[in-house]
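A short worksheet on the structure shown next.
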Amino acid sequence: MSDITKQLVDAFGRSAEDKRVKRELTDRANEEARQYWGDPKWRADFAAEMTESILLGFEYETLVDRWIETETTDFNGRIFVREAGGLKAFYMARGGYIEASSLTSEVSEVPRDMVGVHVWEFEDKFTNNFAESAQTLRDLAIQRMDAEINRRIHTVLEQAIPVGSPYYVATPGLSKAALDNAIRQVQDATRTGEVVIVGRPSMVDQIVDFEGYGPETLEEIRQKGVLGTYRGCTIVRLKNYKDEDGTPYLPGNEMWVMARDTGKFAFFGGLKSKEFEDLDTGYWHYIARRDTGLLIHHPERARLLVDSNQPA
């Protein structure tokens, strides 16, 4: 192969040499799977590596900790939300008596739930193209779990702020005045000062159309494709997650302005998994699950803006 051919790259930046190495690795993985698939230990080791890869990929890709407080503990741990109050401070003359005040504390435990995936496939089909099938399984597991966790937060928030709530704002089109007012109210309610604007691109990208951005800022937005902050609030652009039928998980006409201390999301331990084969049918099963929890304890620290001009 000539040096010029080696230097040519495709649209993804891969050279002919890179693709050759990938084919060799793929062929080697497929051959190993066909040879050892009947060995339970080999399958268990493969499942363990798959689980670790899914967990690392999820932690790399997810944005959940950017729009709500997130805490991780061990599998048998417990996570609480604690808020203290009641203590008072007084001015007095030198030598004066300082009045006593009692300290109060409110403690709520984050409830425990579980999210997971269960995949089953005919063994011959899975091992016939093992490398590609395993990669597809890993990628889809990451996407589906990430999407489901984001949908869970969204669903609970909608329960906390239904239509008719003073924190629900419906307007035809996203106006600068409505967004600025929501930000002021949330910033006034939060204790941490960390406020985020969350939504799919169909909503958050409308902020670029507001007046007040200079040519340099607009050019930077066009080049990078994202708008990092608005009035001190971090903008979180959620992917248009879709389920197995292609239906979006999250509405395209909703935007959340919320403090990260509106609630707390919890992870209990890492990802647990198991694999097994159905001897009667020849199907192989892979199950991965993780214990999670969610508590929305201060809905007044969030605002839901709904654009009636946008499809849901």
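The values are calculated or read from the model by the stated rules, or taken from the named source; none is laboratory data. Since the model is a prediction, treat every value here as computed from it, not as a measurement. Here the Cβ positions follow ideal geometry from the backbone for every residue, glycine too, while neighbour counts run over all protein chains shown. What goes into the accessible areas is simple: the full protein's heavy atoms, side chains included, and nothing from ligands, DNA or RNA. Shrake-Rupley method; radii C 1.70, N 1.55, O 1.52, S 1.80 Å.
Tell me, yes or no, whether segment 133-140 has at least one residue that is part of a helix (DSSP H, G or I), within 20 Å of Asp307 (Cβ to Cβ) and among the hydroxyl-bearing types (Ser, Thr, Tyr). No, the conditions are met nowhere in segment 133-140. Candidates are the residues of segment 163-175 that are open to solvent by 60 Å² or more (accessible area, probe 1.4 Å) and either free of Cβ contacts under 8 Å to residues at least 12 places away in the same chain or part of a helix (DSSP H, G or I) (or both); the one that is farthest from Arg66 (Cα to Cα) is Gly164.
The condition of being at negative phi, over 15 Å from the mean Cα position of the chain (by Cα) and crowded, with 17+ Cβ neighbours inside 10 Å holds for only one of Ala147, Ala178, that being Ala178.
Among the criteria (1) in contact (Cβ under 8 Å) with a residue 60 or more places away in the chain; (2) in a helix (DSSP H, G or I), the one Val119 does not fulfil is (2).
Going residue by residue through segment 204-218, is there one that turns out to be modelled with pLDDT of 90 or more, more than 23 Å from the chain's Cα centre (by Cα), open to solvent by 70 Å² or more (accessible area, probe 1.4 Å) and farther than 24 Å from Val110 by Cβ?
Applying the first criterion (modelled with pLDDT of 90 or more) to segment 204-218 yields none.
No, segment 204-218 contains no residue that is modelled with pLDDT of 90 or more, more than 23 Å from the chain's Cα centre (by Cα), open to solvent by 70 Å² or more (accessible area, probe 1.4 Å) and farther than 24 Å from Val110 by Cβ.
Please count how many residues of segment 66-75 are open to solvent by less than 80 Å² (accessible area, probe 1.4 Å) and either among the β-branched types (Val, Ile, Thr) or not in a strand (DSSP E or B) (or both). Steps first, answer last, please.
Of segment 66-75, the ones open to solvent by less than 80 Å² (accessible area, probe 1.4 Å) are 67-71, 73, 75.
Add one more test, that the residue is either among the β-branched types (Val, Ile, Thr) or not in a strand (DSSP E or B) (or both), and what stays is 67-68, 70, 73, 75.
Final tally of qualifying residues: 5.
Comparison of Ala134, Ala170, Ala160, Ala141 shows that the only residue that is at pLDDT 90 or above, aliphatic (A, V, I, L, M) and over 23 Å from the mean Cα position of the chain (by Cα) is Ala170.
If you go through segment 253-270 and pick out every residue that is part of a strand (DSSP E or B) and crowded, with 20+ Cβ neighbours inside 10 Å, you end up with 12. Would you confirm, using the coordinates I've provided, whether Ile221 is open to solvent by less than 50 Å² (accessible area, probe 1.4 Å), outside any loop (DSSP other than H, G, I, E, B) and at pLDDT below 85? Answer is yes for this residue.
Just a yes or no: is a residue in segment 82-105 outside any loop (DSSP other than H, G, I, E, B), of a type in the set (Lys, Arg) and over 22 Å from Tyr249 (Cβ atoms)? Yes, that holds for at least one residue. State yes or no: is Thr51 within 30 Å of Thr192 (Cα to Cα) and of a type in the set (Ser, Thr, Tyr)? So Thr51 fails the test. Of the residues making up segment 120-142, those that are buried (at least 16 other Cβ atoms within 10 Å of the Cβ), under 30 Å from Arg237 (Cβ atoms) and in contact with a strand residue (DSSP E or B) (Cβ under 9 Å, 6 or more places away or on another chain) are Leu137, Ala141. Does Ser108 fit the bill of being touching a helix residue (DSSP H, G or I) at 6+ places or on another chain (Cβ under 6 Å) and open to solvent by 20 Å² or more (accessible area, probe 1.4 Å)? Here the answer is no, as Ser108 does not meet what is asked.
Filtering segment 271-297 to residues that are over 27 Å from Thr192 (Cβ atoms), part of a strand (DSSP E or B), touching a helix residue (DSSP H, G or I) at 6+ places or on another chain (Cβ under 8 Å) and open to solvent by less than 40 Å² (accessible area, probe 1.4 Å) leaves Leu271, Glu275, Trp284, Tyr286, Ala288.
Among the numbered criteria (1) touching a helix residue (DSSP H, G or I) at 6+ places or on another chain (Cβ under 9 Å); (2) over 13 Å from Leu305 (Cβ atoms); (3) open to solvent by 40 Å² or more (accessible area, probe 1.4 Å); (4) not aromatic (Phe, Trp, Tyr), which one does Gln187 miss? Answer for Gln187: the failing condition is (1).
Evaluating Arg78 against the criteria (1) loosely packed, with under 13 Cβ neighbours inside 10 Å; (2) more than 17 Å from Asp113 (Cα to Cα); (3) of a type in the set (D, E, K, R) leaves one unmet condition, (2).
Every condition in (1) modelled with pLDDT of 90 or more; (2) surrounded by 13 or more Cβ atoms within 10 Å (Cβ to Cβ); (3) not basic (Lys, Arg) is met by Thr26 except one, and the failing one is (1).
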